[in-house]
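Trainee: Got a structure here, written out as structure tokens. Questions coming.
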Amino acid sequence: MVISMRTNVYIDGFNLYYRLLRENPQFKWLDLKALSTELLQPQNRIQTVRYYTARISGRVDPSAPARQQIYLDALKTVPEITIHLGSFLVTKPWAGLVHPPQMRGGTVPQFSPPFPAVAKVWKTEEKGSDVNLGSHLVRDAFQGRFDVAAVLSNDTDLVEPIRIVAEELGLPVGLLCPVPKPAGGLASVSSFIRHIRDQHLQAAQFPDTISGTTIARPSTWR
């Protein structure tokens, strides 16, 4: 007899995007519960999928926030998925330059010395997702909300929350790995590892138009 295990999945949205989806737009229309089912075992009864992300900026692509909203609306049609928003910051700080300054490809521009010491740069960063994910993982474990957890990320900031749950509370925490080789710290504290491959992403796509709604895959995600 197969024993059903209550399973929660915690997904670092930006880690998933930058590691697997940014260069593969055909996989962006991703049903996160279906992906979890593809990666885990039949005995893992997925009861909650927590997705951590932030509202993105339209500075580079003005249409990007609208596409993100369509995707969030699609996720909301899956009862098991909850969305947790951090913040997305765009700033213009001063940053030190390497001397002599180099362009992409390693070429050196034809500047005459003395070279400038600093320049203003665009800096984009997401705040809150890793802290929220780790906090919710530990809280849910202490409150007995799952038998097994799985974390989709390769962010080593999550090593300690995973270690607390797996070692101190004795609850298995698996790593759903978006890279070929997981960070050593994460691998050392995880109870098991599942590697995400293209076939998993392909098998977990929402239908082009979600049944009973007008929510449709963005045309650039094909």
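What follows is calculated from the coordinates using simple rules that are stated; it is not laboratory data. It should be emphasised that the depicted structure is a prediction, and the values quoted were computed from it without experimental measurement. As a convention, Cβ positions derive from the backbone with ideal geometry for all residues, glycine included, and neighbour counts pool all protein chains shown.
Trainee: Quickly rank 178-191, 159-172 as a protection proxy: mean count of other C-beta atoms within 10 Å, highest first.
Mentor: Values: 178-191: 15.1, 159-172: 16.7.
By packing density, highest mean first, the sequence is 159-172, 178-191.
Trainee: Take Ile83, project a point 7 Å from its Cα along the Cβ direction, then tell me which residues of the range 26-56 have their backbone nitrogen under 11 Å from it.
Mentor: The answer is 51-56, whose backbone nitrogens lie closer than 11 Å to the label point.
Trainee: What aspartates and glutamates could a cross-link reach from Lys28, if we take a straight Cα to Cα line under 13 Å and drop same-chain neighbours fewer than 8 places away?
Mentor: Asp198, Asp208
Trainee: Subtracting the Cα-Cα distance from 0.36 nm times the residue separation, let me have the gained length for Ala95 to Arg45 in nm, one decimal.
Mentor: Values: separation 50, 0.36 × 50 = 18.00 nm, distance 4.79 nm.
Gain in length upon complete extension: 13.2 nm.
Trainee: Quick check: residue separation of Thr213 and Ala64 times 0.36 nm, minus the Cα distance between them. What number comes out in nm? Could you put the intermediate results ahead of the total?
Mentor: Working: separation 149, 0.36 × 149 = 53.64 nm, distance 2.12 nm.
Working it through step by step, the gained length comes to 51.5 nm.
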